[in-house]
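Every number here is computed from the coordinates shown, using simple stated rules; none is lab data. On a predicted model such as this, the values are computed, not experimentally measured, just so you know. Please note: Cβ atoms are built from the backbone with ideal geometry, for glycine as well, and neighbour counts cover all protein chains shown.
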Amino acid sequence: SAYIPIDFSPAARDGGVTAEPAADPIADGARLLSALAHPIRLGILRSLLRDTSCVTEFVAELDCEQPKVSQHLKVLRDNGLISCRTEGRKRCYSLRRPEQTQELLGAVERLGNATATDGPGAVSCRDD
């Protein structure tokens, strides 16, 4: 399959279109993998595959404190993976590219299963 560049420019993150495709697929891929490199962020993306969600819903679903959830949402948003809209006092999030995100999460899970060891199990923000 052909390489489709991911545009991480500020214009692209804000929903705009840039004239130039991404110049360095390795650097772009590294930025994307870095944005995905936390189990909570993967959990957020998995949740958003089902439906648009607000911060309070992520807090309950991921058993994570609101400031931590907000930090992870910022990383995903800054990297163009999710978008945000305000509804009254709520900030609700959705995937910018649901089909590609579903493919990406599937690949991550397949690779994780293929390389699994007897490591930690369920993901939680709690240190207890």
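Can you compute the modelled spin-label distance between Asn113 and Glu99, with each label point 7 Å from Cα toward Cβ, in nm? Computed distance between label sites Asn113 and Glu99 equals 2.3 nm. In this structure the amide hydrogen of Ser53, modeled in the peptide plane, comes within under 5 Å of the amide hydrogens of Tyr93, none closer than 5 places in sequence on its chain.
For the pair Leu32 and Cys125, a Förster radius of 35 Å applied to the C-beta separation gives a FRET efficiency near 0.95, rounded to the nearest 0.05.
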